[in-house]
Structures are given as C-alpha cells and as structure tokens.
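Chemist: I am attaching a structure below and will ask some questions about it afterwards.
The values are calculated or read from the model by the stated rules, or taken from the named source; none is laboratory data. Note that this is a predicted model, so its numbers are computed, not measured. Quick reminder, even Gly has a Cβ in these numbers, built from the backbone with ideal geometry, and neighbours come from all protein chains shown. SASA here: full protein model, heavy atoms, side chains in, ligands and nucleic acids out. Shrake-Rupley method; radii C 1.70, N 1.55, O 1.52, S 1.80 Å.
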Amino acid sequence: AGMIHQSFNHDWIFRKAGSNLWDENAGGYQSVTLPHDAMIWEERSPHTANGGNTGYYPGNLYEYRKHFFVPNDWAGQETYLEFDGVYCNARVYLNGALAAQRPYGYSQFSFCMSDYLRYGQDNEIQVMADTSPEKQSRWYTGAGIYRDVKLYLADAVHIPLHSLKISCCSANSEL
C-alpha cells in the first residue's frame, strides 16, 4: 500500500551525437551507471563558444537508453519516473513517444509513465540531453543525466509525488 520507490540508475547505455543518433543499431554505445557526466569525456578546445567559462569543453547532443521489463501487476497503479538532474534541454521518450521535457538543467522533474508503458513486456526509455548551444554558463556545467533517477510505483489512489508541504506557523517556543 502507498508508494514505493527504487533506484533506476543501473543498466543504461550512452553515446554522444553522431550521424545515426536515432538508429539504435548504429553502435557507439557504452554501458553507464548513473549519475554520469557526458561532457567530461569531450576533447577540450580553446575554440569552444564558452571558452574558459566551462573549462574549454564543447557542448554536444547526448543520448541515454535503458530497456526494462514492466510486470503485468503494475497495471492499475501509477508509475512515475523522477530525474534529480539532466543537463540540459532534456527530452524523455518512452517507447518512442515524447513523455517529458525539461529545458532547465538544474531542477528535478518527474512524470507519470503509466500511459506509455507496455505491461508484461520490455519497455525502452530514451533521454536526450542537448548542450550543443554552447553559450550557456559561466562555469563547468557537465552534461547528461548527472544525478539519480528513481522509479515510483503508487496505488491508484495516492498522495501525488512531492505534493505535501510542511510550514511553521509560529516561531514561538512556548506550547
């Protein structure tokens, strides 16, 4: 009952932009475990638009993919995926459909996956992170899925993810 969550950081594959970026059979993938910084592997150059602001690392388009099995007993529940950070211009596709976007690279975001899942089957998630418009920061930003990813499974009736807020009504220490 309620909501359970699990790490979704393992069993990803990654590659940077190439002529066949959308072709899964084109190769060039490497296995990665998240969090992962894609930019640190770029060749530094004094000719990048960011120059020294980002340590002379160029921007690029990066792709992450993961296959995962969704059991039939998940049907009738709500399934969420939460990204603690993707830098930047993130687009998330689930089984080929655009399921979420987040242009800002420093904020957490989540989305309900339930409408995109294939129950009792293998599913594929694809995340694109685009730092190719280089003029974007005054410091090294890194790139890609640079923080944890979590999967949440909730009962059909549940308190929405991150909807509870607690506030202090008084700073008075007397009860």
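Chemist: For region 112-139: of the residues being in a strand (DSSP E or B) and open to solvent by 20 Å² or more (accessible area, probe 1.4 Å), which is nearest to Pro46 (Cα to Cα)?
Modeler: Of everything passing the filter in region 112-139, Asp130 is nearest to Pro46 (Cα to Cα).
Chemist: Would you say Glu82 is in contact with a Pro (Cβ under 8 Å, 6 or more places away or on another chain) and either modelled with pLDDT under 80 or not in a loop (DSSP other than H, G, I, E, B) (or both)?
Modeler: No: the conditions fail for Glu82.
Chemist: How about region 83-118: which of its residues are touching a residue at least 60 places away in the same chain (Cβ under 8 Å) and in contact with an Asp or Glu (Cβ under 6 Å, 6 or more places away or on another chain)?
Modeler: Asp84, the sole residue that qualifies.
Chemist: Next question. Just checking, does region 28-50 include any residue being modelled with pLDDT of 90 or more, in a strand (DSSP E or B) and either under 29 Å from Arg138 (Cα atoms) or among the acidic types (Asp, Glu) (or both)?
Modeler: yes
Chemist: Testing Ala129 on (1) closer than 19 Å to Ser7 by Cβ; (2) touching a residue at least 60 places away in the same chain (Cβ under 8 Å), one condition comes back false. Which one is that?
Modeler: Among (1) closer than 19 Å to Ser7 by Cβ; (2) touching a residue at least 60 places away in the same chain (Cβ under 8 Å), Ala129 violates only (1).
Chemist: Since Arg91 meets every condition but one in (1) basic (Lys, Arg); (2) modelled with pLDDT under 95; (3) assigned to a strand (DSSP E or B), which condition does it not meet?
Modeler: Among (1) basic (Lys, Arg); (2) modelled with pLDDT under 95; (3) assigned to a strand (DSSP E or B), the lone unmet condition for Arg91 is (2).
Chemist: Residue check: is Glu43 open to solvent by less than 20 Å² (accessible area, probe 1.4 Å) and of a type outside the set (A, V, I, L, M)?
Modeler: Details: open to solvent by less than 20 Å² (accessible area, probe 1.4 Å): no; of a type outside the set (A, V, I, L, M): yes.
No.
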